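The values are calculated or read from the model by the stated rules, or taken from the named source; none is laboratory data. Keep in mind it's a predicted model, so treat the numbers as computed, not measured. Backbone-built Cβ (ideal geometry, glycine too); neighbour counts: all protein chains shown.
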Amino acid sequence: MVAETEKKSVKDYPEGADRGAESTPAVEFIDVVKYFGEWGQRHRVLHGVSYSVPRGKTTVIAGGSGQGKSVTLKLVLGLLKPDSGRILVDGQDVTRLGRKKLRNLRMKFGVLFQGAALFDSLSVFENIALPLRERTRLTEQEIEERIAATLETLELTGHEKKFPAQLSGGMQKRVGLARALQLDPEIVLFDEPTTGLDPVMTREIYDLFRRTQERLGYTAIIVSHDIPKVFDLADQIVLLNKGEVDVFTDVAQIKDSKKPYIREFAEMTLGDLFSADSKKG
């Protein structure tokens, strides 16, 4: 294991860098079943779901409300346990790890929460420094150097002394991403990352996500209702519906699907894009 003081900062990875073996997926779901509720009133969220998340790519998880998008992220992190099946992260079965090994595995992750989840009483610098102080033995100078590099990468230089209330929604998202990247995660989870942002700011944040992922080479998993705009980021789209899953590598595959519920999803979410193609057919 690389010592914490030797870990690279976000500026040390060349663009498109490979941060893990390409042969194995970053995450695998194998026959995963998840229910909520008591017997007789159980709600099926996932039913025998199997799919892989490719390493170093961006996977978007989409679907209607209550279809299990955020549940999926919690299962990957080991915050929830499936009723059956296996969830592999770098080949390790999250469902069978003890507390200590699970805590170590979570070091591979960065998480950008829906509301950025910044501490109002802490400055931008202190918010970003938090995981470094809790999880590493870096000196204060090393922390300052690492954060300075992150601030530059995410165009936050000059804002380090401000507090969250002094920032726009888009800037808060940048700070949240900066904090999520401090431990050089192999996998970054985004839970509804553009909620509350206007269309212009949403486009800027998506552009930032794309540039950052391409530069650092991490695996991105994005849960979002912001369809179809979020699909522009996707190397893979996972569509959840009533406990089942369909996987696509291109939005055109969604539009061309013959399954009724997928065509209904496309008609509702892709709008004119779907209608135009339907007329051509």
Inset, instruction - List the number of the failed condition for residue 117; all other conditions in (1) closer than 22 Å to residue 215 by Cα; (2) part of a loop (DSSP other than H, G, I, E, B) hold. - result: (1)
Legend entry - Unique residue being hydroxyl-bearing (Ser, Thr, Tyr) and at pLDDT 90 or above when the list is 139, 195: 139
Legend entry - Pairs, first modelled with pLDDT of 90 or more in the stretch 151-168, second loosely packed, with under 15 Cβ neighbours inside 10 Å and not basic (Lys, Arg), C-beta under 7 Å, six or more apart: 151/157; 163/120; 164/120; 165/120
Legend entry - Output for the stretch 86-124, where each listed residue is crowded, with 19+ Cβ neighbours inside 10 Å and more than 21 Å from the chain's Cα centre (by Cα): 124
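Given the criteria touching an Asp or Glu at 6+ places or on another chain (Cβ under 8 Å), assigned to a helix (DSSP H, G or I) and either not charged (D, E, K, R) or not assigned by TED's automatic domain parsing to the domain that holds residue 177 (or both), does residue 151 qualify?
On the way: touching an Asp or Glu at 6+ places or on another chain (Cβ under 8 Å): yes; assigned to a helix (DSSP H, G or I): yes; either not charged (D, E, K, R) or not assigned by TED's automatic domain parsing to the domain that holds residue 177 (or both): yes.
Considered against the rule, which asks whether it is touching an Asp or Glu at 6+ places or on another chain (Cβ under 8 Å), assigned to a helix (DSSP H, G or I) and either not charged (D, E, K, R) or not assigned by TED's automatic domain parsing to the domain that holds residue 177 (or both), residue 151 comes out as yes.
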Legend entry - Identity of the residue in the stretch 31-81, basic (Lys, Arg) and either under 15 Å from the mean Cα position of the chain (by Cα) or within 20 Å of residue 95 (Cα to Cα) (or both), that ends up surrounded by the fewest Cβ atoms within 10 Å (Cβ to Cβ): 81
Inset, instruction - List every residue pair whose Cβ atoms lie under 7 Å apart, where the two residues are 6 or more positions apart in sequence or sit on different chains, the first residue falls within the stretch 232-250 and is on the phi > 0 side of the Ramachandran plot, and the second residue, located anywhere, is not aromatic (Phe, Trp, Tyr). - result: 243/44; 243/45; 243/46; 243/47
Legend entry - Among residues of the stretch 131-148, those that are in a helix (DSSP H, G or I), surrounded by 15 or more Cβ atoms within 10 Å (Cβ to Cβ) and in contact (Cβ under 8 Å) with a residue 12 or more places away in the chain, counted: 6
